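The values are calculated or read from the model by the stated rules, or taken from the named source; none is laboratory data. Remember, predicted model here, so these are calculated numbers, not experimental data. Here the Cβ positions follow ideal geometry from the backbone for every residue, glycine too, while neighbour counts run over all protein chains shown. Heavy atoms of the whole protein, side chains included, go into the accessibility calculation; ligands, DNA and RNA do not. Shrake-Rupley method; radii C 1.70, N 1.55, O 1.52, S 1.80 Å.
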Amino acid sequence: MRGLAYEVVADGLAFPMILIPLTEEASLVAFRDGRVHTFDGEQIGADPLFDLEVSTSGERGLLGMEAGSPDIVYVHYSDTRGDTTVSEITISTGEERVLLTVAQPAGNHNGGMLQFGPDGMLYVGLGDGGGSDDRFGHGQNTETLLGGIVRIDPTSGVSTLWSFGLRNPYRFWFDGDVLYIGDVGQNAYEEIDVVVFDPAGFNFGWPITEGLHCFSPRSGCDTEGITLPLVEVEHGDAGTCSITGGVVYRGTAIPELDGHYFYSDYCGGWLRSFVSDGTTLSGERDWTDEVGRVDNVVSFGVDQDREIYLLTANAIRRIVPVR
């Protein structure tokens, strides 16, 4: 393999947010405005499978989606009041079963990712409630679901705070027992937290820490019991401003990169990867000179063949090998 490139699959779009496999033949693409379409690897279905009524003000919208079966998907969206909703949708009937609602005090830091964990439970990332400087005091407050990753039993809907100390875990990714979290920083540092799954959860430090550094004078800087990030990216590094957590490559088109975690930044538009077992870091690589810089990186996606895609505010690009 000589390198990587982007292959534009679709452009002229309005905020594609999520791309996930549904069956062995098809995937789904979800848009920020609530529309969910089929995707076969080349074409987006003309008509939506379903269309949710959502708020798109601030950082709100349809933020996360996970397939439970060919006819069941789970969605995380901002309702018309701007509050968090996690629901089960039956595609064939359009029936919605609400599993979780959480009031949101501000229009930013709404989190996003929704994915099954290795224990079969659903996990959803929720930000600290918004504003700045952990305004609402949620980061280290284990009595709220905000500022952490929430575990949801998809059968009963029972929800508990699993891990906390996160500012805005907009995108995370389970690869077997290893979890990668792209936590959006504030003034100076972005971070990727990488851990081996533990049912007891973790404290990732916000607002005591931002990245590997002390942040809040009112919280001091006692890092005992805090799980620090494996990767820190400083603001100003190649235009970095807001980390876009990614996915681990498990496809077949680029076997040389099996196990690489790819990630980017909303402003910087670069593409980087590394390999981790949950405790160590290796194989760090910056692919930007090869693939080029793109604007407004919103998310990464995986299709039915486990190939990966980069989603920006107006386009979907497949990451392909150059041979």
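A few remarks follow.
- Within the option set 185, 147, being among the small types (Gly, Ala, Ser) and farther than 18 Å from residue 84 by Cα holds for one residue only, 185.
- When the range 8-52 is limited to residues that are of a type in the set (Ser, Thr, Tyr) and in contact (Cβ under 8 Å) with a residue 60 or more places away in the chain, the one that is surrounded by the most Cβ atoms within 10 Å (Cβ to Cβ) turns out to be 27.
- Selection count, the range 146-159, where residues are assigned to a loop (DSSP other than H, G, I, E, B) and over 24 Å from residue 224 (Cβ atoms): 6
- In the set (1) over 21 Å from residue 63 (Cβ atoms); (2) open to solvent by less than 40 Å² (accessible area, probe 1.4 Å); (3) not in a strand (DSSP E or B), the condition left unmet by residue 233 is number (3).
- Close pairs from the range 195-206: first open to solvent by less than 20 Å² (accessible area, probe 1.4 Å), partner part of a loop (DSSP other than H, G, I, E, B) and of a type in the set (S, T, N, Q), Cβ under 6 Å, at least 6 apart: 204/227
- Residue in the range 112-127 that is out of contact with any helix residue (DSSP H, G or I) (no Cβ under 9 Å at 6 or more places or on another chain), free of Cβ contacts under 8 Å to residues at least 24 places away in the same chain and of a type in the set (Asp, Glu) present: no
- Qualifying residues in the range 217-230 (those that are at pLDDT below 90 and assigned to a loop (DSSP other than H, G, I, E, B)) - the one least open to solvent (accessible area, probe 1.4 Å): 220
- Of all residues in the range 260-297, those satisfying the criterion of being open to solvent by 10 Å² or more (accessible area, probe 1.4 Å) and part of a loop (DSSP other than H, G, I, E, B) are 260, 266, 267, 277, 279, 280, 292, 293, 294, 295, 296.
- Check on residue 214, among the hydrophobic types (A, V, I, L, M, F, W, C), open to solvent by 40 Å² or more (accessible area, probe 1.4 Å), without any contact (Cβ under 8 Å) to a residue 24 or more places away in the chain and out of contact with any Pro (no Cβ under 8 Å at 6 or more places or on another chain): yes
- Out of 303, 265, sole residue that is in contact with a Pro (Cβ under 8 Å, 6 or more places away or on another chain) and not small (Gly, Ala, Ser): 303
- Only strands (runs of 3 or more DSSP E) whose full extent lies in the range 81-142 are considered here, and the ones with at least 3 residues that are at pLDDT 95 or above and within 17 Å of the chain's Cα centre (by Cα) are 84-90, 114-116, 122-126.
- Selection count, the range 127-164, where residues are crowded, with 18+ Cβ neighbours inside 10 Å, under 23 Å from residue 66 (Cα atoms) and among the acidic types (Asp, Glu): 1
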